[in-house]
Amino acid sequence: MIVDAAVAHVVNLVARSYSATGLPGGKTAAEYAVEGRYSYVPSFAAAIIFSVLFGLAFVINVYQLIRHRAWFWWVMIFAILLELVGYIARARSIKELDGKSIFIVQTVMILVAPAVMAASCYTAFGRVTLWVVPQEYQTVKHLWVPPRRITPVFVGCDVFSFFIQVVGGSMVAAANSISKANTGKNVVLVGLGLQLATFGFFVFAAVRLNYKLRTELRNAPLPKDRNWGMFLNVINVANLLILVRTLLRLVEYAMGTSNYLTNHEWFFYVFDATLMFLVAAIFIVFHPGYYLPYLGIRRKEQKFSKNADKGPLSKLAQGRKTMQEAV
């Protein structure tokens, strides 16, 4: 199984306690001196660059959170914070190649951050459907998951899988025997399986809603005071980026613990770091505060941000005249 191969790769990468030389991965002393627990000579400059990028994204998101009072968007801020901590830890890990704990921190933070970003997409999607879809269509029959249940169902499953993976990863990292490592591996497998199933179902449900808006709901009286159709498309683009990142990393793992993708750092930065930064950047430009009325934690009132029409890109959020233009 691809997932099984992925976890086996993580076991080998993080634990690395079963080698003939006594060094991680069976490396020679000379190899370990320049690579540490990585499968290549890691770039300190690249780790610093992405630390700065995610640091800027974090600061801007906090500013936008306060400016628009979009309190539900704290999930995205938390995801960006995980990425920031991950790349700061990676930079430090490169300077301390002997440090096992800091290596584990950067591995776990960067591994789980995309799952939290996916959770922010769930919450934004839930608010779009709650506001846009007519009440009579907000049923299990039409949406599979009613709008008021989208956030608790998807985010609940995502958070659960998040903690399962953290627990399993910690068990793997702390393992001092093959049996304990396998136990941790099985725990991680459960978490990964739940995460992939949840996200896969969500992507399918989001695409299905787009289809219904263009067909069954095409002539329904939908809101026209905001360009919510564009924001819905932005959510789908973010979903695609997260999905591509996940699939490509699984392909990397499926090829074994030693292959071209695993042994070259550019793949990690192009198909993980860059894609996840693009997700963060997209939502900075197309911030939900410009598009959605439900910005509070509890979605009690249909109230737009007082800054919804302010800013250089706010015109993109203005409403359309017809349903055809909106979607």
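The values are calculated or read from the model by the stated rules, or taken from the named source; none is laboratory data. Just so it is clear, the model here is predicted, and its values are computed rather than measured. A quick note on method: Cβ atoms are made from the backbone with ideal geometry, for glycine too, and the neighbour counts reach across all protein chains shown.
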What are the residues in the stretch 34-62 that are surrounded by 15 or more Cβ atoms within 10 Å (Cβ to Cβ), in a helix (DSSP H, G or I) and at pLDDT below 95, if any? Glu35
Any residue at all in the stretch 63-70 that's at pLDDT 85 or above, assigned to a helix (DSSP H, G or I), over 18 Å from Val112 (Cα atoms) and hydroxyl-bearing (Ser, Thr, Tyr)? yes
For the stretch 51-85, which residues satisfy the criterion of being among the polar types (S, T, N, Q) and more than 20 Å from Asn307 (Cα to Cα)? Ser51
Going residue by residue through the stretch 215-224, is there one that turns out to be polar (S, T, N, Q) and modelled with pLDDT under 85? yes
Hey, does the stretch 146-160 have a residue that's surrounded by 14 or more Cβ atoms within 10 Å (Cβ to Cβ), modelled with pLDDT of 70 or more, farther than 25 Å from Gly296 by Cα and not polar (S, T, N, Q)? no
Suppose the filter is closer than 28 Å to Ser43 by Cα, more than 17 Å from the chain's Cα centre (by Cα) and acidic (Asp, Glu); does Glu265 pass it? yes
All helices (runs of 4 or more DSSP H) inside the stretch 229-327 with 1 or more residues being touching a Leu at 6+ places or on another chain (Cβ under 9 Å), more than 27 Å from Leu213 (Cβ to Cβ) and at pLDDT 85 or above: 265-268, 275-285
